[in-house]
Amino acid sequence: MSTRRLLAYVARHRRAYLTGFVLSLVSTALQLANPWVLRTAIDGIQSGAAARLLLGLAAAYVGVSVTGGFIRFHWRMRMLGAGRRIEYEIRNDYFAHLQRLHQGFFQHTRTGDLMARAINDLNAVSRLVSAGLMHSSNTIIMFFAASALMFTIDRPLALLVMVILPMVSVVFVLLGRRIHRQFERVQEQFSTLSARAQENFSGIRVVKAFAQEAAEIDAFAAINQEFVTRALRLARTSGVLWPAMAFILGTASALVLWQGGVAVVVGRITLGQLVQFFGYLMMLSWPMIALGWTTNLIQQGMASMRRLDAIFNTKPAIADPGARGARAPAPAARGGLRGEIEFRHVTFSYNGATVLHDITLRIPGGTTVAIVGPTGSGKTTLISLIPRLLDPTTGTVLIDGIDIRLLPLAMLRGGIGVVPQEPFLFSDTLEENLALGIEAGDGQRVREAAEIARLDGDIGDFPLGYQTMVGERGVTLSGGQKQRATIARALARDPAILILDDALSSVDTNTEEAILTGLRRFAAERTSLIISHRISTVRGADLIVVLDDGRLVERGTHDALVAAGGLYADLYRKQLLREALEADEAVPS
Amino acid sequence: MSLPFHEDEILGKAYDARLTRRLLGYVRPYRASVALAVALLLLTSAMSLVGPYLVRVAIDLHIAPGRLDGLGVVVMAYLGALVAAFIFRYANTYVMQRVGQRAMYDLRLEVFSHLQRLSVGFYTRQPVGRLITRITNDVDALNEMITQGVVAVFGDLFTLVLIIGIMLYLDWRLALATMVVLPLIIGATARFRVQARESYRAVRVRLARINAFLNEHIMGMGIVQLFGREAREQSRFDALNRDHLSANMAALRSFAMFHPSIGAMSAVAVATIIAYGGTQALAGAVSLGLVVAFIQYAQRFFDPIEDLAEKYNILQAAMASSERIFRLLDEPVEVADPTEPVRAERVRGEIEFRDVWFAYEPDDWVLRGVSFRIRPGESVAFVGHTGAGKSSIINLITRFYDPQRGQVIVDGTDARAWDQRELRRHIGLVLQDVFLFSGTIEDNIRLGTASITDEQVRRAAEFVNASAFIERMPGGYRAEVHERGSTLSVGQKQLIAFARAIAHNPEVLLVLDEATSSVDVETEILIQDALSRVMRNRTSIIIAHRLSTIQHVDRILVIHKGRMVEEGTHRDLLVRNGIYTKLYQLQYQDQEVRPVPRVSTPSGREKEGSERA
């Protein structure tokens, strides 16, 4: 499965890979020509040839190397370039796929995990399709060509080399396995070490409160020591690798010198041929080492591709109706949404727990509805169903009388302005952030929205105004400023349905009052849903619904609910107490 | 392991005298080993250069004249040199690894120990991930520098000098002729080094940008989708990705050009040997073996030069890492111990605040002139609205922070005159969000205090009603706590926290008891009972959330907006009909009807009560 996806990428660049392969053949042929030049020179010197021949050979040597180098350049550019392009394509596809996935996916997948796949796994795949493919093809070509030429020079000598050189690969594989195991043990200890540090830093209050610093240092030192022990154990094994390679290759040279010398003396080959043979021997050493190395690259790359594939194979649970075969009813597509919302027997379960129980609620277009209830009662889940961030487990949500699952997502969400609980802004300019939901360049709408959200004053105080960068590399906005920015962002969309999820919690009461007044004008012709803990925010709503433990327990106007003396009345009474406490500046006693 | 995309890619010089001096300090204890490693490296270089020389001997003395006797000896010498090179090279690698690992051990422990001395305030400012990167990856970069950088540079230089020396010794004219291309090669390598560094840096910076974008957009994917931004974000991502691709291609190009051009220049050297050396050999001025040996030396010439270029990058990364580590090591200790601290075997447990003013951020006062005195053995509850400053009082008694004005006095002595750890040994702290370490239940009660016996652990657990559920667990006290205690209920974790405090037998007990989520009725009864037991016979200060607690303490202190506003017993205060009465109605009254209340999560400063930094 993962092979198929990867092959599709490779196949798209087959021209580059094929050209690269041909270039690699030519460059190998040229590389193999040089030892022959040397041989001719040595034999020429020995037989007392003309000096002109040597000059010609020297020129040939340079010519072959320069041409070979030129071809090698193009070979590398083709093959490695194709690999880099594939990396680029996979990265783009990865992001595009993530953008299609539903919110539920992001809730149960850690960001760090998705990032690790985008960084480490993509890197491994990239190395597979660039260096891995390039070297494995070149290694094979070089191996067969050089050994064939060795056999044409002298069979016994070539056989000797064929016995010794594969030991390089054998040692690489055998040691490699051991190194891999010991490396895993080192990595394991590395994780233990960082986990321990993480625990200590996260629990520093407990560490300090119980005066455990010395004990913690001792424990950390022990883990640190074990890390050193394991790392040195690895060093003892891995330290053998390169010296062993050098040793085996050197041994091959020494034995060729000996047996080759004998062959020259008995007249089986010339001295020049011996030198030529040495040349091929040197050329074979890299392919022998590369064999083990590329095997690793390919294995790691395949494993990483499988991990990427796991994401690619995740199907978006919430998609456009077209994607599911159903067609959106044509009339709804025209003129946008009017804003009448209806929940019909909606139940929502998550991980086996029922978050919403059989909610039925009709919100006429143009009204303002407030949703209140204790933390965890299901308010945010309820409003998340409207823009289809979540789909109900059973039941239906309708807008303007149409099941929202039949509406194109762009149209549905295009008519809704959401201000989420956690004010999330991107690291960009304020202008860009506020214009997030509209076509760029409509500065007028952004400014009006900022005015209603009471953000205009703050923006005026920033030296760069709307061009101020926010986030890590810019100014840090206060909680209240962030909330007002997210309100402005939603208002700028001019939505038929406005949803505020506890969006005024960090805003002081005076500003809140001002924003609410502005909103009332703004909200006159649209449907608004407001979640809030503050009675002052919700008391003016046309309808207040009270959720408790996922059930709709009360509904009515403020006055009616206060008179009813239920959960809402209780919340109201506490709110009054809280306000009294907050207003109390008196310091008796 | 942490992902490096949040680290800014600011790479400075590869050599910084100040940093290098400080770094060398970590290698100094192992200078004998380093000297040994350098010696081994020199021997390795020498032994691996013996080969071509012996080829010359074999050709000139045996093969060319056709005298086979003695060829075996030359080959044996060759093999001997190979064995020696193998041993020296291996020994060098191991010795350097050992030095690197030891130095890394020292540095890592020093960073960790320093972090243990830094105040809680420091931890609230620093993301934990960053600290972990310092102690893991950054320390690793230094190891890389020690094992592959410093000493290997000597090795490369030595190899180069040795090859030049041998060639000059064999035939100085031919040697000079061969080396005509050397300046070119060094020039090309230096140019390439600069180019490669720049292009790699561009690749890294752009990759970091991509990853920052990706990270942000994964976190804000809901917003992207709600605002229908998918197509536009895709094209922005594509632009970043394309930038990275073009930087990658540029880097690729400079690499793909470098190797062939070095190859061409080395071909010029070999060609020189063929033409000039060959002509000399024809004239009988030099031997054939010498020509062959020269060709072999010339081919080895370029490895150390290329190698040196690569070392530069390692050094540069190490400098950047050490800069970051040293900045952390230089972080001042905010809550410091006095030079001659007060010590006491037992304390009476008298706590006094004298006109204490305290702010986490300058001028944002959380406590405004708070004064009170708590007698030894007295039980006191602090009551106040969210953000009133209750948990700050606990932060000051434990000396997690120092007040800006006024004094915190323990047993008549200013808290700042105590050794922090000594002071805290007498204070038990139970926080609401119980932090459990990986390890067993027993480990979590005892923590690192080895003097607490198994028997004491069990008695402590029994005393706070925790023994019943612990003994029911598979493995009992030795049961492993998984994932910070995710298998334990909130109530069980609170009981373990009580046991932890009791096992350490403090004279003063601080309990931050604010409800975060509901606890089942049975456990709630156990907790209430445990709480009243642990408060007996010691000074107890409770940030109370349970009605049962405030009804039974000796005294209630009411904090409002950073000031002490009322005090007295529950009954006295209720009658007064002041702030306490309102607080009572808001926070406690419901518990009379519902013993297990649902309370919204505390917000703002009250999160200070979490055991997580």
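Of the residues B:W172, B:W365, B:W357, the one with the fewest other Cβ atoms within 10 Å heads the list, and the complete ranking is B:W172, B:W357, B:W365.
What does the net charge come to around A:A563 if you take all other residues with beta carbon closer than 14 Å to its beta carbon, with K and R at +1 and D and E at -1? Overall, the nearby charge balance is 0. Only helices enter this figure: runs of n ≥ 4 DSSP H residues, each worth -39500 (n - 2.57), summed and divided by the residues of chain B, yield -18000 deg cm²/dmol at 222 nm to the nearest 500. Taking a straight Cα-Cα cut-off under 19 Å and skipping sequence neighbours fewer than 8 places away in the same chain, the lysines within cross-link reach of B:K561 are A:K574, B:K390, B:K582, B:K607. The reciprocal of the average 1/r between distinct C-alpha atoms defines the Kirkwood hydrodynamic radius, which for region B:260-385 equals 23.7 Å. The value given for region B:172-285 is a Kirkwood hydrodynamic radius of 18.1 Å, derived from the mean inverse Cα-Cα separation.
With the convex hull built on the Cα atoms of region A:2-312, state its orientation-averaged projected area in nm². Walk me through the numbers before you get to the answer.
Values: hull surface 88.3 nm².
Mean shadow area of the hull around the Cα atoms is 22.1 nm².
Using 0.36 nm per residue and subtracting the Cα-Cα separation, the extra length available between B:A344 and B:S235 on full extension is 32.5 nm.
Sorted from longest to shortest, the spans of the Cα atoms of the protein assembly as shown along the three principal axes equal 122, 84, 57 Å. Close amide H contacts of A:T367 (hydrogens built in the peptide plane, cut-off under 5 Å, sequence separation of 5 or more or a different chain): A:S528. The modelled label-to-label distance between A:T67 and A:D559, using points 7 Å beyond Cα along the C-beta direction, is 10.0 nm.
Report the FRET efficiency, 1/(1 + (r/R0)^6), for A:N123 and B:V333, where r is their Cβ-Cβ distance and R0 is 45 Å, rounded to 0.05. Numbers along the way, then the final one.
Details: r = 40 Å, r/R0 = 0.88.
Efficiency, from the Cβ-Cβ distance: 0.70.
A Förster distance of 25 Å, applied to the separation of the beta-carbon atoms of A:E89 and A:M115, puts the FRET efficiency at 0.85. Amide H to amide H distances under 5 Å link B:V481 with B:G439, B:T440, B:I441, where only residues 5 or more positions off or on other chains count and H is placed in the peptide plane. Here's the picture: charge each Lys and Arg Cβ at +1 and each Asp and Glu Cβ at -1 in the protein assembly as shown, and of B:A298, B:F255, A:L543 the one pushed furthest to the positive end of that dipole is B:A298. Measuring max minus min along each principal axis, the C-alpha atoms of chain B give extents of 122, 60, 49 Å (largest first). Ranked by how many other Cβ atoms sit within 10 Å of their own Cβ, fewest first, the residues A:I298, A:I399 fall in the order A:I298, A:I399.
For region A:398-437, go through all pairs of different Cα atoms, get the mean of 1/r, take its inverse, and jot down that Kirkwood value in Å. Mind dumping the intermediate values first?
Details: mean 1/r = 0.0814 Å⁻¹.
Across region A:398-437, the inverse of the average 1/r is 12.3 Å.
Can you tally the net charge around A:Q259? Count Lys and Arg as +1, Asp and Glu as -1, for every other residue whose Cβ sits under 12 Å from the Cβ of A:Q259.
Values: positive: A:R155, A:R268; negative: A:D154.
Here the charged neighbours net out to +1.
Quick check: residue separation of A:A219 and A:A49 times 0.36 nm, minus the Cα distance between them. What number comes out in nm?
Numbers: separation 170, 0.36 × 170 = 61.20 nm, distance 7.66 nm.
Once the chain is fully extended between A:A219 and A:A49, it gains 53.5 nm.
Once both labels are positioned 7 Å from their Cα atoms along Cα-to-Cβ, the gap between B:E110 and A:T360 label points is 7.4 nm.
Normalised by 2.2 N^0.38 Å, where N is the number of residues, the alpha-carbon radius of gyration of region A:334-583 equals 1.01.
Residues within the reach of a label modelled at B:A283 (point 7 angstrom out along Cα to beta-carbon, backbone nitrogen below 18 Å), restricted to region B:169-198, are B:170-179.
Could you tell me the calculated FRET efficiency between A:Y350 and A:L25, based on Cβ-Cβ distance and R0 = 51 angstrom, to the nearest 0.05? Mind dumping the intermediate values first?
Values: r = 59 Å, r/R0 = 1.15.
Here the calculated transfer efficiency is 0.30.
Built from the Cα atoms of chain A, the convex hull projects on average onto 41.7 nm², one quarter of its surface area. Mean separation of Cα pairs under 8 Å and 6 or more residues apart, divided by the residue count, gives chain A a relative contact order of 14 percent.
Spatially, region B:123-150 and region A:414-481 are offset by 37 Å when compared through their Cα centroids. Computed about its Cα centre, the charge dipole of chain B is approximately 840 debye, with only Lys, Arg, Asp and Glu carrying charge at their Cβ. The ranking of A:T28, B:T523, A:T476, B:T386 from fewest to most other beta carbons within 10 Å of each one's beta carbon is A:T476, B:T386, B:T523, A:T28. D by Stokes-Einstein for region A:14-143, Kirkwood Rh over Cα pairs, 37 °C, 0.692 mPa s: 181 µm²/s.
Residues of region B:35-77 with an amide N closer than 17 Å to a point placed 7 Å from the Cα of B:V161 along the Cα-to-Cβ direction: B:35-49.
Quick one: Debye curve from the alpha-carbon atoms of region B:24-88 only, equal weights, vacuum; give me log10 I(q)/I(0) at q = 0.24, 0.27 Å⁻¹ to two decimals. For region B:24-88 at q = 0.24, 0.27 Å⁻¹, log10 I(q)/I(0) is -0.93, -1.03. Name the residue from A:I515, A:A490, A:G443 whose Cα lies farthest towards the positive end of the charge dipole of region A:442-516, charges +1 on Cβ of Lys and Arg and -1 on Cβ of Asp and Glu. Sorting the options by dipole projection puts first A:G443.
Please pull out the direction-averaged projected area of region A:404-544, using the convex hull of its alpha-carbon atoms, in nm² to one decimal place. If you can, show how the numbers build up before the last one.
Working: hull surface 35.2 nm².
That works out to 8.8 nm².
Here, each number is a calculation from the coordinates, and none is a lab measurement. Predicted model, so just to flag it, every value in this text is computed and none were measured. Using ideal geometry, Cβ is built from the backbone for each residue, glycine included, and neighbour counts are taken over all protein chains shown.
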